Amino acid sequence: MSRRLVIWGGGILAVILIVIFVLAYLIDEPLRRKVERDMNARLKGYTVRVEKLDFHPIGLSLDLEKLWIYQTPHPDPPIAYIPNLHASVHWKALLSGRLVGDFQIEDPKVHIDLRQFVQESKDPTPIQDKGWQDALEAAYPLKIDRFAIRNGDLTYVDKGPYKPLHVTKLNFTAENIRNIKSAKGVYPSPVDLEGVVFDKGNVKFKGDVDFLAKPHIALKGDLELGEITLDYFKPIAERYKLSVRTGSLSTRGSIEYAPDVQKIMINNLSLTGLDADYLHQETQTAPTEKVTKEAGKVARETANDPTLEVKVERFTADGRIGFVN
C-alpha cells in the first residue's frame, strides 16, 4: 500500500512539474513583450530590444538574452549588446530576512562614439535619472541588492584617425545596494572593479559606496592604474593643443567622492617614456577659445571650492616635453 502511494505521489509530482515547465515555456514570449515594453516606458533617451526571455519557475529567476540598447537620437550603432542578463532572488540576503534581487550581466559590449557622447553631455537629464534601475526592476520585480558584470568590453571611438579607447575583461561587483539609510560619511555597499586598459594597462578600484546618497552616489576607496598608454588619449589631448606620441601612466592612491567632500590622495604618480609637445598658436580659433575659457572657468571654480582636496605624495617622470610656437 505504501509503495503504491509513493508511486502515485511521484507520478502526481512529475505531472505537476511538467505542467509548470510547459506553462513557463508558453509565457516566455508574452512575458518578453511585456518586459521590453515596460523597460522602454521607464527609460529616458534610450530604448531596449530583448530578443529572448527564459523564465525559470524553479528558483524564480529569468534570463534576458540578446539584449540591445540604443540611444534614441543616435540609434546606429547601438551603444550596448548584452548576451545574457540573469536576475534572481538574492538568496544570501534572504537568509538575513531581506527579499531583494541579484542581477548579473555576462560578456556585455558597450560601444560609444563621439556623437553619442556629446548627445549625453548636452542632455539636461542626469545619467542617474535616465531610469536604468527602474528599467531593470521592470524586468524583475525585486529591488536590486547585488549587481555584477562579468567580462565586460567598453569602447569609445573619437573623431579622426585615432585608436579607440578600449577597456576589456571588465569585472564589477556591488553588494548591499538596497541598504538602510546611512549616516553621513558611511558607505555601506562594498564594491570591487578591475579591468584591462588599452591591451596591457590595468585599472582596479576597491572600496565602499552609498548608492542611495543624495543628490548623487557617494564612494570611498583605493584606486590603482598601471601602465596606461598615453597615446590613446590623442583625440582628447589635441583639443588642448597637446600632442602626445608615447608614454605610459601609473598611479596609486585613494579617492573619496560625496556631496560634501571630494578628496583625491595620490600616493605615487609616474610618467614613463613620455614624448609630447605643447602646440602654441598666436591666433586661436573660436572653438579653442571656447574650450580655453571653459577650462579657465572650471579651474577657478575648482580653486575656490573648499570641498575639493588633491594631494600628491610622490611624482616621477622621464621623457621629453617640447614647446612648439
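The values are calculated or read from the model by the stated rules, or taken from the named source; none is laboratory data. Please read all numbers here as calculations on a predicted model, not as lab measurements. FYI the Cβ positions are ideal-geometry reconstructions off the backbone, even for glycines, and counts take in every protein chain you see. In case anyone asks, the SASA skips ligands and DNA or RNA and just uses the protein heavy atoms, side chains included. Shrake-Rupley method; radii C 1.70, N 1.55, O 1.52, S 1.80 Å.
With the whole protein complex present, ILE79 retains an accessible surface near 20 Å², based on a 1.4 Å probe.
Each residue was assigned an accessible area with a 1.4 Å probe, and for ASP54 the value is about 30 Å².
The heavy atoms of THR125 offer some 40 square angstrom of accessible surface to a 1.4 angstrom probe. Label point of VAL118 set 7 angstrom out along Cα-Cβ; within region 57-83, amide nitrogens under 13 Å from it belong to 74. Take the Cα of VAL203, go 7 Å toward its beta carbon, and the backbone nitrogen atoms of region 125-140 under 19 Å from that spot belong to 127-128.
Considering all different alpha carbon pairs of region 188-238, the Kirkwood hydrodynamic radius works out to 12.8 Å.
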